[in-house]
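Data first, discussion second: the structure below is written as structure tokens.
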Amino acid sequence: MIKINNLHKSFGDNQVLKGISEQINKGEVVSVIGPSGSGKSTFLRCINLLEQPTAGNILIDDQSITAADACVDKLRQKVGMVFQNFNLFPHKTVKQNITLAPVKLGVMNQQEADEEADKLLTQVGLKDKADAYPSSLSGGQKQRVAIARALAMKPDLMLFDEPTSALDPEMVGDVLDVMKSLAQDGMTMVIVTHEMGFARDVSDRVIFMDGGYIVEQGDPEALFSQPKEARTQEFLSKVL
Ligand code: ADP
Ligand code: MG
């Protein structure tokens with residue numbers, strides 16, 4: 001579904017991604033782990049062109065998203081993203097947050113979007129919060145709204161950038177449960193996370209990044225119990 005060839009990204013002199021080649025299949029759940037500053041967020045942000053790669057190319061469903069004539073709006077419809085800090089619109093209700101983009105981009109009319117929002121809010125366990133404003137919600141509730149909002153565009157692929165890192169510990173489980181059920185429903189997902197237990201249990205594959213490279217990747221069980229590379233071993237010894 002996604003083919004990434006020799007992806008490079010620099011910010012000025014700072015080379016952040018130094019040649020990443022990777023393929024993600026439809027329905028696959030891939031966790032990306034690694035130390036802070038290793039380029040995990042930049043990698044994710046290149047996949048939906050929140051960052052423009054410096055070199056290399058990315059194909060989604062065999063269409064280049066990095067070509068000069070690629071349509072960014074079409075791409076963003078296919079790719080949902082969930083951020084660490086939720087990024088909800090504070091002056092819109094929960095339901096308006098969810099329906100805004102699909103209506104604006106003509107994916108649905110308002111009535112269809114409202115019905116879809118009700119369904120999604122039920123799915124994330126927040127049916128009774130449709131008319132609430134984000135400021136009245138807990139972090140875990142905000143993040144579940146953010147997931148519902150991303151799903152409203154009916155994406156083929158969901159990207160998660162540390163979705164539970166800003167949450168109080170007691171909120172983490174509810175968000176992970178929503179993600180787990182999405183994974184079980186067959187959504188293709190790339191998840192940057194520090195939740196090693198989740199990465200191990202839910203992912204089909206785990207990628208370990210360090211210093212702008214993919215150092216090692218593989219089956220979660222194998223990567224966590226028998227990492228091959230010294231850098232992976234060192235990182236896991238600190239976080240497990
Ligand atoms: P991670 O998510 O693994 O912690 P990031 O991808 O956020 O790593 O960052 C990797 C490096 O890229 C860091 O050195 C960071 O300062 C730099 N970086 C990320 N985004 C930008 C940006 N928009 N402008 C300049 N430097 C950036
Ligand atoms: Mg990051």
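Extent of segment 155-240 along its three principal axes (Cα atoms, max minus min coordinate, largest first): 34, 29, 23 Å. Atom-type composition of the exposed protein surface of the chain places 45 percent of the accessible area on carbon and sulfur (1.4 angstrom probe). The lysines whose alpha-carbon is closer than 27 Å to the alpha-carbon of K119, local same-chain residues fewer than 8 away aside, are K26, K74, K78, K92, K95, K104, K127, K129, K142, K154, K180.
Taking only the C-alpha atoms of the chain, Rg followed by Dmax gives 17.9, 55 Å. Taken along the Cα-to-beta-carbon direction at a fixed 7 Å, the label points for K26 and K180 span 2.7 nm.
Sparsely packed loop sites in segment 161-239 (the GluC sites (Glu not before Pro) outside DSSP H, G, I, E and B with at most 10 other Cβ atoms within 10 Å) do not occur.
Would you be so kind as to identify all helices of the chain, as entire DSSP H runs, whose Cα atoms reach 15 Å or more along the helix's own axis and whose mean Kyte-Doolittle hydropathy is at least -1.0?
Working: long enough: 94-104 (16 Å, 0.13); 110-123 (19 Å, -1.53); 139-151 (18 Å, -0.22); 169-184 (23 Å, 0.32).
Within the chain the helices that satisfy the rule are 94-104, 139-151, 169-184.
For segment 57-171, what class follows from the C-alpha gyration tensor (a ≥ b ≥ c being the square roots of its eigenvalues): rounded when a/c is under 1.5, otherwise prolate if a/b is larger than b/c, else oblate? Verdict is oblate for segment 57-171.
Note on D128 and A70: the model spin-label points, each 7 Å out from Cα along the C-beta direction, lie 4.4 nm apart.
Multiplying the residue separation of L59 and D219 by 0.36 nm and subtracting their alpha-carbon distance yields 55.2 nm. Protein heavy-atom accessible surface, 1.4 Å probe, per residue over segment 111-240: 45 Å².
Once the C-beta distance of V107 and Q84 is scaled by a Förster radius of 22 Å, the resulting FRET efficiency is 0.25 to the nearest 0.05.
Extension gain for Q226 to S135 (0.36 nm times residue separation, less C-alpha to C-alpha distance): 28.4 nm. Residues in segment 1-95 average 48 Å² of solvent-accessible surface per residue, probe 1.4 Å, ligands and nucleic acids excluded.
Only helices enter the 222 nm calculation for the chain: every DSSP H run of n ≥ 4 contributes -39,500 (n - 2.57), and dividing by all residues gives -11500 deg cm²/dmol, rounded to 500. Straight-line cross-link reach from K18 at under 16 Å between alpha-carbon atoms covers these aspartates and glutamates, not counting any fewer than eight positions away in the same chain: E51, D210, E216. Going by the alpha-carbon gyration tensor, a ≥ b ≥ c the square roots of its eigenvalues, is segment 76-118 rounded (a/c under 1.5) or, if a/c is not under 1.5, prolate (a/b greater than b/c) versus oblate? Oblate, because a/c is 1.5 or more while a/b does not exceed b/c.
Rounded if a/c is under 1.5, else prolate if a/b beats b/c, else oblate: with a ≥ b ≥ c from the C-alpha gyration tensor eigenvalues square-rooted, which is segment 16-93? Note, shape of segment 16-93 comes out oblate.
The values are calculated or read from the model by the stated rules, or taken from the named source; none is laboratory data. Values in this document were obtained by computation on a predicted structure and should not be read as measured data. Heads up, the Cβs are rebuilt from the backbone with ideal geometry, glycines too, and the neighbour counts pull from every protein chain shown. These area figures cover heavy atoms from the full protein model, side chains too; ligands, DNA and RNA do not enter into them. Shrake-Rupley method; radii C 1.70, N 1.55, O 1.52, S 1.80 Å.
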